[in-house]
């Protein structure tokens, strides 16, 4: 090998090693077990939750959430499922139907693990078809007290099957200029083109510090949030701890019309890893 090529290879290797040394693994789930997700790490959302979505999120039901063969599977299904919150005559979309027509799963680390800053990395293969809406995202642990959007939301990865070759990043928060702190704003939006993300695994990640949140797919940065847009100082929601969510929604306000012919669909996660910066 010519000397200059050898030097280039050495510099590239040194850069990769230096980058890896910047992060310390502090939490992970490699899914090297069988059954339901580890209860010490994951809890569940249950019911009709948000966005007028079609699915009923079930709790600890292997048809919808399971670990097998080294991966986590979240499965969206077309099936009849009893709605415990049914109220005859109700106009609420969460209560008006005796039965749900779709089921899926949503797991999270609320009350079990949370992080302020660091690197979050998820290797996943996405479902396919119109109406699917998988996500990797975070919300402030104070959500139940101050509510959304004041708690902040970091969308590490969102995908809608009706737009099949785009991955989306976004951040949601309350307008810091408004006294009521309830007016929703978003910033740091970005999209990246990934051909057929249902065929192969890709690594979806953020790097987050007190100044910025940077979004990556397979190591390529495609979006960035300037944290100060959500307010200067420590009351900024992106300077407070967040918990992690993994879910597969069906239909809803962004998912759109559901193509029942594609169901069931599987959202497959190989691992979840959270790192802390060694510079802290």
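The values are calculated or read from the model by the stated rules, or taken from the named source; none is laboratory data. Keep in mind that this is a model prediction, so the values were computed, not measured. For neighbour counting, all protein chains shown are included, and Cβ atoms are generated from backbone atoms with ideal geometry for every residue, glycine included.
Quick notes
- Taking segment 140-158 as the range and being in a strand (DSSP E or B) and in contact with a helix residue (DSSP H, G or I) (Cβ under 9 Å, 6 or more places away or on another chain) as the test, the residues that pass are 140, 153, 154, 158.
- Taken as a whole, the structure places residue 131 among residues that are more than 14 Å from the chain's Cα centre (by Cα), buried (at least 22 other Cβ atoms within 10 Å of the Cβ), at positive phi and modelled with pLDDT of 95 or more.
- Sole residue being more than 26 Å from residue 52 (Cβ to Cβ) and either touching a helix residue (DSSP H, G or I) at 6+ places or on another chain (Cβ under 7 Å) or assigned to a loop (DSSP other than H, G, I, E, B) (or both), chosen from 130, 112, 96: 112
- When residues of segment 195-225 are limited to those that are without any contact (Cβ under 8 Å) to a residue 24 or more places away in the chain, part of a strand (DSSP E or B) and more than 16 Å from the chain's Cα centre (by Cα), the one farthest from residue 237 (Cα to Cα): 221
- Hits in segment 148-164 (condition: over 30 Å from residue 235 (Cβ atoms) and in contact (Cβ under 8 Å) with a residue 12 or more places away in the chain): 159, 160, 161, 162, 164
- Residue that is modelled with the lowest pLDDT [pool: residues in segment 16-40 that are more than 21 Å from the chain's Cα centre (by Cα) and part of a loop (DSSP other than H, G, I, E, B)]: 22
- Restricting the first member to segment 31-53 and to residues that are on the phi > 0 side of the Ramachandran plot and surrounded by fewer than 16 Cβ atoms within 10 Å (Cβ to Cβ), and the second to residues that are assigned to a loop (DSSP other than H, G, I, E, B) and at pLDDT 95 or above, the beta-carbon pairs closer than 6 Å and six or more apart or on different chains are 52/93.
- Tally of residues being buried (at least 17 other Cβ atoms within 10 Å of the Cβ) and at positive phi across segment 195-220: 0
- Residue 249 vs. criteria touching a strand residue (DSSP E or B) at 6+ places or on another chain (Cβ under 6 Å), farther than 16 Å from residue 170 by Cα and in contact (Cβ under 8 Å) with a residue 24 or more places away in the chain: yes
- All positions within segment 230-280 that are assigned to a helix (DSSP H, G or I) and under 20 Å from residue 142 (Cα atoms): 230, 237, 238, 239
- Among the candidates 124, 100, 68, residue that is touching a strand residue (DSSP E or B) at 6+ places or on another chain (Cβ under 9 Å) and surrounded by fewer than 16 Cβ atoms within 10 Å (Cβ to Cβ): 68
- Looking across segment 159-180 at every residue that is in contact with a helix residue (DSSP H, G or I) (Cβ under 8 Å, 6 or more places away or on another chain) and outside any strand (DSSP E or B), the one that is surrounded by the fewest Cβ atoms within 10 Å (Cβ to Cβ) is identified as 162.
- Check on residue 106, out of contact with any helix residue (DSSP H, G or I) (no Cβ under 9 Å at 6 or more places or on another chain), at pLDDT 95 or above and crowded, with 17+ Cβ neighbours inside 10 Å: yes
- Matching residues, segment 74-84, being assigned to a loop (DSSP other than H, G, I, E, B) and over 26 Å from the mean Cα position of the chain (by Cα): 84
- In this structure, residue 192 does satisfy being crowded, with 17+ Cβ neighbours inside 10 Å, more than 13 Å from the chain's Cα centre (by Cα) and in a strand (DSSP E or B).
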